[in-house]
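Every number here is computed from the coordinates shown, using simple stated rules; none is lab data. Just so you know, these numbers come straight off a predicted model, no measurement behind them. Here Cβ is always computed from backbone atoms with ideal geometry, including for glycine, and neighbour counts include all displayed protein chains.
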Amino acid sequence: MWGSSARRWGCTVDLYGAGTISVGTALLLYQYMSLVEEPIDQLTQQLQDLQKAGASLMRVGEVLSLRSELPSGARVLPSGPLELRFDDVSFAYEPGLADETANDTARVLSSLDFTVQAGRTVGLLGRTGSGKSSLTRLISRLCDPTFGVVRLGGVSTVDADLHSLCSRVAVVTQDVQLFKASVRDNLTFFGHDMTDVQVRAALAEVGLLEWADSLPEGLDTPLPAGSLSAGEAQLLAFARVMLRDPGLIILDEPSSRLDPASEARLSAAMTRLLSGRTAIVIAHRLGTVARADDILVLGDGKVLEFGPREVLAAAPGSRYAQLLKAGQHGEVDAVLA
């Protein structure tokens with residue numbers, strides 16, 4: 001009512017100093033004003049909470065009302081590792097740049113034409129802005145190509161059933177999203193189609209089973225925010241992929257923020273994860289692609305180089321060999337800049 005306890009007390013002291021009221025009356029006035037102000041403050045706080053809740057409900061409603069502009073096809077992707085093929089693919093985020101006469105510099109990706117054989121791992125290199133992330137978005141069909149066709153297992157992503165595509169293509173990013181829920185729910189995304197035997201097997205594959213068994217409630221233990229280290233979170237993301245058993249995996253430099261000990265542990269889990277699957281590994285460090293079968297170098301949205309890693313490494317004139325020579329211990333973006 002008076003703004004603060006200091007102001008209330010100051011007013012009563014002034015009245016007492018002027019001889020208008022006694023000490024007892026001053027204390028009584030202060031107490032009365034406190035009793036009046038407290039419910040007003042509570043009402044103000046509740047009104048603010050109500051306004052925040054209303055804004056949140058509007059935002060949730062907007063999210064739930066979103067509908068994808070990418071229609072689902074009807075074809076189911078084949079089982080096993082998926083062959084990936086880009087047939088003269090170009091892409092622009094702005095519809096106005098989709099015209100065939102548009103300059104190549106206006107497109108994010110331009111005339112990509114390559115094939116990744118099923119079961120092979122490709123190291124994707126390129127400086128910042130070269131189109132690496134856009135390429136992976138086309139594979140997982142977050143976007144459709146402006147021109148050309150992206151094929152997975154011989155099926156165009158446009159013709160593929162979206163549920164089938166989502167179950168057969170997995171993406172592991174640097175930032176792992178964890179829910180304030182149990183270990184089981186974090187692994188199964190709140191699904192009920194996975195048994196505890198399958199969940200424990202996936203945890204064992206990535207080396208987290210001992211950690212899970214040490215938790216107070218096992219798989220039912222809630223995961224508080226910030227309870228996992230960066231390495232443990234990445235391993236948990238790998239376990240999620242193991243449960244779904246996709247045919248193609250996209251890894252966005254999963255070890256970039258880890259210490260050497262955690263990186264070694266993650267490397268062993270990555271070897272098991274990539275076994276028998278097609279993989280695209282976005283690399284910001286050259287050491288990350290040491291396990292790759294092929295190397296794909298992007299620059300300004302175009303394929304600058306593509307081929308077997310060992311062949312490119314042995315060819316003195318190749319871009320990959322130059323990268324190895326110039327920056328084996330440096331950042332890929334810095335070397336390519």
Where labels lie 7 Å past Cα in the beta-carbon direction, separation of Glu37 and Asp220 in nm: 4.9 nm
Formal net charge of residues neighbouring Leu43 (Cβ-Cβ distance under 12 Å; K, R +1; D, E -1): -4
Whole-Hz couplings from phi, Karplus 6.51/-1.76/1.60, listed for region 121-135; x for Gly and Pro: 9, 10, x, 9, 10, x, 6, 4, x, 7, x, 4, 5, 5, 4
FRET efficiency for Phe114 and Ala74, using Cβ-Cβ distance with R0 set to 22 Å, rounded to 0.05: 0.25
Backbone HN-Hα couplings from phi across region 268-284 [Karplus 6.51/-1.76/1.60, Hz, Gly and Pro as x]: 5, 5, 5, 4, 5, 5, 7, 4, x, 9, 7, 9, 10, 10, 6, 10, 10
Virtual spin-label span in nm between Ala326 and Ser267, 7 Å along Cα→Cβ: 2.5 nm
Cα-projected label distance for Lys180 with Met194, points at 7 Å along beta-carbon direction, nm: 2.2 nm
Mean Cβ count within 10 Å, highest first, over the residues of peptides 305-311, 88-94, 30-36: 88-94, 305-311, 30-36
Nearest-0.05 FRET efficiency for Glu210 and Leu162, computed from C-beta distance (R0 22 Å): 0.05
Residues of type lysines that Lys132 reaches as a straight line, Cα spacing below 16 Å, ignoring anything fewer than 8 places off in the same chain: Lys302
Highest to lowest packing among 184-191, 216-223, scored as the average C-beta count within 10 Å: 184-191, 216-223
